[in-house]
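Since the structure comes first, as structure tokens, the remarks are kept for the end.
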Amino acid sequence: MTDKEKIEQLVDAEQYMILAVTLDDGTPWVVPVKLQAHDSYRTLEWDSRLDTIHSEALMARPNMAVTIFRKEADKQTGFYATGTAELAETRGEYGRYRFTAAEAWINDETFVKRTVELN
């Protein structure tokens with residue numbers, strides 16, 4: 001299985017991802033969100049209230065990172081990406097946010113971090 005196939009399988013199977021944003025004072029802020037939609041592993045979407053710390057941080061500074069990770073008895077897969085996020089649409093007090101990866105990596109049971117092409 002190729003690295004791209006491993007990541008696609010991971011993203012298809014997992015319900016949650018971890019967002020990492022930066023607050024106004026430069027403090028990092030990390031939060032789990034439910035993955036709502038995705039286009040392979042290049043574009044990931046989630047819903048959050050507009051007034052959350054991470055939503056407000058993203059509107060001020062759209063650069064961010066995401067992680068999706070799974071650990072099983074005999075294997076593990078981690079997907080890590082940096083990129084930007086945007087507010088794609090609003091529904092009342094909630095927004096649908098869209099992350100677009102600029103760089104991505106995979107790490108698995110080999111413990112070797114590898115770059116994944118995004119084309």
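Values computed for the structure shown
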read-out	value
Members of the range 15-51 found to be buried (at least 16 other Cβ atoms within 10 Å of the Cβ) and in a loop (DSSP other than H, G, I, E, B), listed by number	Y41, R42
Qualifying residue in the range 87-94 (condition: open to solvent by 60 Å² or more (accessible area, probe 1.4 Å), at pLDDT below 95 and of a type outside the set (S, T, Y))	no
Pairs where the first residue, in the range 1-29, is under 22 Å from N119 (Cα atoms) and free of Cβ contacts under 8 Å to residues at least 40 places away in the same chain and the second is small (G, A, S) and loosely packed, with under 14 Cβ neighbours inside 10 Å, C-beta under 8 Å, 6+ apart	E8/S40
Filter result (free of Cβ contacts under 8 Å to residues at least 12 places away in the same chain and in a loop (DSSP other than H, G, I, E, B)) within the range 53-86	E72, A73
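The values are calculated or read from the model by the stated rules, or taken from the named source; none is laboratory data. Model, not experiment: these values are computed from the prediction. Please note: Cβ atoms are built from the backbone with ideal geometry, for glycine as well, and neighbour counts cover all protein chains shown. Just the protein is used for accessible areas: all its heavy atoms, side chains included, with ligands, DNA and RNA removed. Shrake-Rupley method; radii C 1.70, N 1.55, O 1.52, S 1.80 Å.
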